[in-house]
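The values are calculated or read from the model by the stated rules, or taken from the named source; none is laboratory data. Just so you know, these numbers come straight off a predicted model, no measurement behind them. Please note: Cβ atoms are built from the backbone with ideal geometry, for glycine as well, and neighbour counts cover all protein chains shown.
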Amino acid sequence: MIVELIDYLRDRLKSVIKICYGVLASLVVIDAIPSIVDKHHAHTWVEHYPGFWALFGFVACVLIIILSKWFGHQGIMTREDYYDD
Amino acid sequence: MMIDSWLHPSLILICGALLLPFIKGMPRRAFLVLIPVLTFIDIWQFSPHGTFAVVNVMDWQLTFGRIDRLSQVFGYIMSLMCIIGTIYGLHVKDDLQHIAAWFYVAGSLGAIYAGDYLVLFLFWELMAFSSVFLVWFRGREQSLATGYRYLLVHTAGGLILLCGFVLRYKATGDLSFTLMDVTHPQLYTYLIMCGLILNAAVPPLHSWLPDAYGEATVTGAVFMCAFTTKTAIYALARSCAGMEILVPLGVVMALYGVVYAVLENDCRRLLAWHIISQVGYMVAGVGIGTELAINGACAHAFAHILYKGLLFMGCGSVLHMTGKSKFTELGGLYKKMPRTFVFTLIGGLSISAFPLFSGFVSKSMIIAAGFEEHILWAGFLLTLASAGTFLHTGLKVPYFIWFGKNNCSDETWEKAEDPPWNMQVAMGMASFLCIFIGCYTAYLYDMLPNPVDYHPYTAYHLSETMQILLFTALGFFLLIKKLTPEPTISIDLDWFYRKGGRAFLWMAKKPLQFIDTCVGEIYRVIGLVPLMTVAGFWSWFDWHAIDGVVDGVARSVRCIGSSVRHAQSGQLQYNIFWAVTIAASLLLTYVFA
């Protein structure tokens with residue numbers, strides 16, 4: 001059953017991707033509606049901007065990947081038998 | 001209040017471990033489940049608050065059982081994880097693995113219920129010395145070296161802890177394991193903290209963790225990921241709550257684990273890096289030290305034990321079935337191991353703090369405590385690390401094992417299938433609990449040490465979390481090529497003792513051996529010849545002078561003896577004759593001289 005569901009979704013990958021983009025956009029839209037998302041208890045002023053956390057998540061992800069990979073390629077990542085000599 | 005009727009839960013496990021080799025056949029499996037269940041019931045059912053098992057040894061009063069809300073929540077989850085871990089390893093025929101695991105849990109529970117530093121130290125060492133076997137039993141060539149490194153680091157940590165509480169005892173006369181005066185820290189406060197944070201794997205004292213957990217046996221890693229670091233969090237919450245230095249240490253830890261997880265190619269080592277990252281939240285929570293933060297640290301430890309155990313069980317199942325744990329040797333397995341995929345995904349969503357999963361109700365408490373105390377930088381950086389958590393554990397692990405490019409060899413593909421029933425049952429139990437905690441918050445919140453006035457399911461929190469997570473997912477899929485696994489290892493701070501150890505060996509082999517050879521040669525030329533000459537002289541002297549004198553005396557005595565023997569004919573009249581003659585001669589000499 002699990003395999004069939006996954007295959008079903010994979011066969012319709014383009015539609016799935018479109019739905020995902022729709023979900024992403026609606027998250028930001030919902031965040032901008034004060035009657036749904038009450039930001040009274042937000043701790044900082046930046047959080048009041050709609051979609052702040054969406055931007056934060058995306059930038060965080062990109063920064064983590066690029067900076068970590070850059071760091072890794074400065075000689076931190078090495079061959080698997082490095083300690084075997 | 002003294003309670004005498006409480007049976008120490010460690011005792012049940014230790015007795016069970018000692019009896020296990022004598023139980024064979026079908027009852028063995030029942031026994032394997034029974035002992036952890038009895039331990040759990042012992043903790044859950046009979047839990048009066050107070051102290052028990054107080055023993056007087058010389059001048060010290062040792063407390064083996066101090067039960068309060070803090071020790072209870074940790075005791076509860078540790079014993080629960082012991083049940084799940086044992087069921088997961090039910091197929092393991094080697095008794096020694098179960099014995100090592102139970103002794104390890106006994107050590108952890110003993111440390112949790114310890115009322116003073118001596119008892120804590122005793123169980124602390126029991127944990128280190130029993131868990132190392134879970135690495136050694138993997139049986140690979142490198143397992144032995146990894147185990148020794150693990151043991152050496154933990155022995156060093158134990159000694160630092162020992163130094164700390166001995167100095168504290170000398171200064172204050174107090175051995176009790178309670179909250180220290182963290183506002184006026186002394187040398188001993190820092191030493192105790194260092195001993196504890198080594199077990200919590202705080203950088204730079206962390207390299208033992210990915211090293212050992214990546215190398216442990218499949219079932220061993222499930223136990224190891226739960227007990228050592230979380231016992232350390234308990235000990236920190238008990239003794240160092242509110243110690244400000246722990247906040248930056250925790251935040252660095254949360255980010256450090258994330259960075260190394262990006263570079264990691266081995267799925268179990270990646271999970272190990274994320275233990276460091278997640279324990280970072282708990283360390284920071286202990287450092288913040290408010291009621292909410294301590295609650296958060298405990299709740300996160302509770303949730304973490306379950307979802308991290310689940311993730312190690314999922315990746316362990318892949319390793320158990322295929323013999324592979326590297327992303328570059330796996331991929332596309334969803335058709336072969338679908339149930340394992342679902343279980344691992346539940347673990348991944350829990351650690352990523354998705355709504356309705358356990359991490360959502362625990363991790364956010366710590367971040368909220370940071371914001372409430374106006375430590376904004378800590379709040380934002382911990383949120384950033386949580387994006388990294390979802391990136392790896394929620395996305396990278398499932399994607400590169402069950403989807404992505406199929407790197408499996410024919411043999412790996414052939415072997416891959418869902419693991420034996422007992423492993424699936426254990427994963428099912430952990431999955432259920434991860435979702436149950438996420439949906440029914442009162443279950444966990446009612447157990448926490450402080451009263452809880454925190455509501456995770458607010459519209460703002462939901463909106464914030466979903467934005468962070470789903471936009472992280474967007475970043476992941478846009479940059480997926482950058483994340484393609486590479487068959488490498490990452491150099492970490494263990495380089496210093498791994499290569500340092502080699503430098504020492506090289507020193508011993510090359511320069512020291514050279515010096516030794518030179519000294520030997522010099523000794524041979526300069527020392528040995530005169531020595532032989534002197535020795536030759538003394539030999540001659542001994543032979544001719546000493547022996548000459550000794551032998552000469554001996555020869556003379558023998559000669560005299562022989563003469564005397566001849567003189568002694570045995571006839572009484574001759575004896576009287578000679579005696580009288582000599583006496584007369586002496587008398588005459590005396591009279592006339």
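Take the conditions closer than 30 Å to B:Arg140 by Cβ, touching a Leu at 6+ places or on another chain (Cβ under 6 Å) and touching a residue at least 24 places away in the same chain (Cβ under 8 Å) and apply them to B:Leu311. Does it pass? Judged against the criteria, B:Leu311 is a match. Quick one: is B:Asn422 of a type outside the set (Lys, Arg), closer than 25 Å to B:Ala261 by Cα and either touching a Phe, Trp or Tyr at 6+ places or on another chain (Cβ under 9 Å) or without any contact (Cβ under 8 Å) to a residue 24 or more places away in the chain (or both)? Spelling it out, it is not the case that B:Asn422 is of a type outside the set (Lys, Arg), closer than 25 Å to B:Ala261 by Cα and either touching a Phe, Trp or Tyr at 6+ places or on another chain (Cβ under 9 Å) or without any contact (Cβ under 8 Å) to a residue 24 or more places away in the chain (or both). Scanning the stretch B:429-460 for residues that are within 14 Å of chain A (Cβ to nearest Cβ) and either outside any helix (DSSP H, G or I) or surrounded by 19 or more Cβ atoms within 10 Å (Cβ to Cβ) (or both) gives B:Ser431, B:Asp453, B:Tyr454, B:His455, B:Pro456, B:Tyr457, B:Thr458.
Residues that are more than 17 Å from B:Ile437 (Cβ to Cβ), outside any helix (DSSP H, G or I) and without any contact (Cβ under 8 Å) to a residue 40 or more places away in the chain are absent from the stretch B:375-393 altogether. Just one residue in the set B:Tyr190, B:Tyr104 is crowded, with 24+ Cβ neighbours inside 10 Å and either under 22 Å from B:Ala17 (Cβ atoms) or of a type outside the set (D, E, K, R) (or both); that residue is B:Tyr104.
Considering only the stretch B:65-81, I want to know if a residue exists there that is surrounded by fewer than 21 Cβ atoms within 10 Å (Cβ to Cβ), over 30 Å from B:Ile437 (Cβ atoms) and in contact with a Pro (Cβ under 9 Å, 6 or more places away or on another chain). Within the stretch B:65-81, not a single residue is surrounded by fewer than 21 Cβ atoms within 10 Å (Cβ to Cβ), over 30 Å from B:Ile437 (Cβ atoms) and in contact with a Pro (Cβ under 9 Å, 6 or more places away or on another chain). Those residues that are in a helix (DSSP H, G or I) and either outside the structural domain of B:Asn199 (by TED's automatic domain parsing) or of a type in the set (Lys, Arg) (or both), I need them from the stretch B:70-113; list them, please. Those that are in a helix (DSSP H, G or I) and either outside the structural domain of B:Asn199 (by TED's automatic domain parsing) or of a type in the set (Lys, Arg) (or both): none in the stretch B:70-113. Kindly evaluate B:Phe312 against the criterion of being over 25 Å from B:Tyr460 (Cα atoms), within 14 Å of chain A (Cβ to nearest Cβ) and buried (at least 24 other Cβ atoms within 10 Å of the Cβ). Against the criterion (over 25 Å from B:Tyr460 (Cα atoms), within 14 Å of chain A (Cβ to nearest Cβ) and buried (at least 24 other Cβ atoms within 10 Å of the Cβ)), B:Phe312 does not qualify. Taken together, B:Leu167, B:Leu191, B:Leu162, B:Leu179 contain a single residue that is over 30 Å from B:Arg268 (Cα atoms) and in a loop (DSSP other than H, G, I, E, B), which is B:Leu179.
Scanning the stretch B:461-470 for residues that are within 7 Å of another protein chain (Cβ to nearest Cβ), among the aliphatic types (A, V, I, L, M) and more than 16 Å from B:Thr393 (Cα to Cα) yields a single hit, B:Met466. The single residue among B:Tyr256, B:Tyr307 that is touching a Phe, Trp or Tyr at 6+ places or on another chain (Cβ under 9 Å), assigned to a helix (DSSP H, G or I), surrounded by fewer than 24 Cβ atoms within 10 Å (Cβ to Cβ) and not aliphatic (A, V, I, L, M) turns out to be B:Tyr256.
If you filter the stretch B:114-138 down to residues that are of a type outside the set (Gly, Ala, Ser) and either part of a loop (DSSP other than H, G, I, E, B) or outside the structural domain of B:Thr231 (by TED's automatic domain parsing) (or both), you find that the one that is surrounded by the fewest Cβ atoms within 10 Å (Cβ to Cβ) is B:Arg138. From the list B:Thr39, B:Thr63, B:Thr51, the lone residue that is in a helix (DSSP H, G or I) and of a type in the set (Ser, Thr, Tyr) is B:Thr39. In this structure, B:Ala473 does satisfy being modelled with pLDDT of 90 or more and within 12 Å of chain A (Cβ to nearest Cβ).
Would you be able to tell me the number of residues in the stretch B:220-271 that are under 15 Å from B:Pro203 (Cα atoms), over 14 Å from the mean Cα position of the chain (by Cα) and of a type in the set (S, T, N, Q)? Residues in the stretch B:220-271 being under 15 Å from B:Pro203 (Cα atoms), over 14 Å from the mean Cα position of the chain (by Cα) and of a type in the set (S, T, N, Q): 0 in total. Here B:Phe504 does not fit the description of being of a type in the set (Phe, Trp, Tyr), closer than 30 Å to B:Leu349 by Cα and surrounded by 12 or more Cβ atoms within 10 Å (Cβ to Cβ).
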